1. For the stretch 454-481, which positions are under 22 Å from residue 296 (Cα atoms) and touching a helix residue (DSSP H, G or I) at 6+ places or on another chain (Cβ under 8 Å)?
2. Restricting to helices (runs of 4 or more DSSP H) lying wholly in the stretch 194-284: which have 2 or more residues that are within 19 Å of the chain's Cα centre (by Cα) and not small (Gly, Ala, Ser)?
3. Mind listing just one residue for me: the one in the stretch 184-207 that is farther than 12 Å from residue 156 by Cβ and of a type in the set (A, V, I, L, M) and, of those, surrounded by the fewest Cβ atoms within 10 Å (Cβ to Cβ)?
4. Show the residue pairs meeting these rules: Cβ distance below 9 Å; 6+ apart or different chains; first residue within the stretch 119-135 and under 16 Å from residue 151 (Cα atoms); second residue among the aromatic types (Phe, Trp, Tyr) and in a loop (DSSP other than H, G, I, E, B).
5. Can you tell me which residue within the stretch 323-355, out of those that are assigned to a helix (DSSP H, G or I) and of a type in the set (D, E, K, R), is nearest to residue 386 (Cα to Cα)?
6. Would you confirm whether any residue within the stretch 419-438 is farther than 21 Å from residue 297 by Cα and either free of Cβ contacts under 8 Å to residues at least 24 places away in the same chain or within 41 Å of the chain's Cα centre (by Cα) (or both)?
7. Within the group 123, 163, 147, which residue is part of a helix (DSSP H, G or I), over 18 Å from residue 217 (Cβ atoms) and among the hydrophobic types (A, V, I, L, M, F, W, C)?
8. Go through the stretch 285-295 and give me each residue that's assigned to a helix (DSSP H, G or I) and more than 30 Å from the chain's Cα centre (by Cα).
Amino acid sequence: MHRLFLSSWLLLAPLAASAQDAALRFQEQAARATNADERGRAELSLAQTFASEDLPVSALVAYARIVSAGPQHPAYLQALEGLVDMQERLNEQNLVPNLLDKAYTPEARDTWTKLPREVLARVNYQLGTIHHRRGRLEEARALLEAVPADSRVYARSRYLLGVVLADPKFPGRPGEAQSLDAAALAAFQAARDAKGNQLGLDEVKQLALLGLGRLHYGRHEYPQSITAYEAVPRYGRFWDQALFENGFARFQDEDFGGALGSLQALHAPQFEGAFQPESWILKATVYYYSCLFDEVKTTLAAYEAIYEPMAKQLEPFTRDEDPLSAYNLVSAENRRLPRPVYLWIHGNERIQDVMRMVAQVDTERRRISERAAWRGTGLVQEAVSGLEEVRATLTQIGGRIAHSRLLEAAQNLRTFADQAEIIRVQTALDEKDLLLAGVDQKALLKTQSIYRPKMPGAAWNYWKFEGEFWRDEIGYYQYTLKRGCPAKQQ
């Protein structure tokens with residue numbers, strides 16, 4: 001909430017005919033003021049005027065200047081509240097958490113307790129995100145646990161708390177794994193159970209299901225992991241990730257047909273352009289454990305046809321360490337990158353946040369420069385200069401993230417190419433062993449029959465897959481497999 005004090009208006013200027021005139025007056029007053037209180041009130045009023053004029057990034061910059069001045073600034077708490085409001089209004093994930101972290105000094109902490117309850121909750125959540133991002137897990141836990149249940153960021157804080165507690169690097173693991181896992185489970189469940197006016201609740205609930213699936217998987221509780229992954233809404237934002245991870249869970253649960261079913265959905269045309277190299281390695285692994293060596297070779301050939309050219313195409317971009325070049329590479333449609341890699345990086349949440357903010361900065365810079373009442377004034381120079389600094393910072397952040405993702409993609413392709421080669425060599429060795437043992441694998445496979453998979457219930461129907469992907473069938477595939485491994489001698 002923004003607080004405009006009548007005394008501030010009376011002291012600083014006569015009632016302005018418009019907000020645009022008021023902004024000019026406040027900027028001039030702040031520049032000329034010799035009294036700290038007078039200057040502070042003018043700076044606050046200018047930030048509030050930017051916010052009321054639908055210039056949220058400009059308001060964010062103005063509020064940030066006050067917060068950076070420290071608790072001695074007369075408008076410190078009001079500016080902190082305004083900064084948090086602009087973060088929510090913009091859904092900004094990179095600048096404000098860093099600004100709050102810098103302001104989070106021992107001197108400031110006591111002052112922050114005077115903030116309204118909801119504002120303090122959002123501050124703690126933002127600080128929790130940046131502490132988690134930087135690996136300061138115990139501090140992140142304390143901040144996230146301080147968010148009360150009636151806050152609008154409660155569901156988000158519970159989900160992130162679960163992620164923090166489940167992190168293998170959390171202090172106390174593995175000795176305290178049981179209690180930490182129980183606390184993480186409770187946090188994910190609280191995020192799922194949250195109701196009311198929660199920010200991004202549908203998305204948080206999907207993320208909590210992924211969190212539950214990963215937690216159970218790490219505990220080797222594969223049936224519970226599968227249940228969580230399969231509860232992620234079909235065609236939701238995180239469905240493809242759930243399908244992929246569910247393939248691993250079903251494989252570990254020795255449901256090889258179910259694992260292949262999840263991967264079959266992931267390789268449907270609806271997910272064309274997805275960057276999922278590991279899914280093909282998992283598919284080859286499933287076939288390998290079933291001794292279906294021809295299928296192993298076919299799968300590895302498909303992997304190589306898709307991803308070997310990508311690896312070569314990516315190589316030049318991993319050598320350029322300039323953040324701006326990396327950001328420009330992924331911020332708009334770029335045919336120089338392999339499309340799946342481009343989409344994978346472009347769709348990253350933090351990259352999306354940077355691009356959205358850069359677009360907002362450009363819009364505000366144009367609007368401020370084009371306002372006739374402001375043209376040629378110190379207000380334009382000051383506001384545009386602040387926006388340009390924000391833009392430069394954002395592109396640096398975006399560039400570092402983009403370059404990191406480029407390196408990650410290239411490293412993943414090298415790693416999975418090595419794994420593919422290991423599977424290929426091991427397959428050849430096993431084929432040789434069967435041949436030397438006199439096992440006729442083709443004859444062995446001919447003796448086996450393939451039956452329909454077990455039906456989940458009376459309301460389900462069975463349809464044989466014949467190469468066409470129907471929208472209402474994707475996600476429900478189940479393979480039945482023969483087994484090419486000879487029976488072990490007792």
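The values are calculated or read from the model by the stated rules, or taken from the named source; none is laboratory data. The structure displayed is predicted, hence computed values, not measured ones. Cβ coordinates were reconstructed from backbone atoms using ideal geometry, including for glycine residues, and neighbour counts include every protein chain displayed.
1. 465, 477, 478, 479, 480, 481
2. Qualifying helices (runs of 4 or more DSSP H): 201-218, 239-252.
3. Going through the qualifying residues, I end up with 186.
4. Taking only residues 6 or more apart or on different chains, the pairs are 123/104; 127/104.
5. 353
6. yes
7. Answer to the check: 123.
8. Quick first cut of the stretch 285-295, residues assigned to a helix (DSSP H, G or I) only: 285-289, 293-295.
287, 288, 289, 293, 294, 295 - these are the residues of the stretch 285-295 that are assigned to a helix (DSSP H, G or I) and more than 30 Å from the chain's Cα centre (by Cα).
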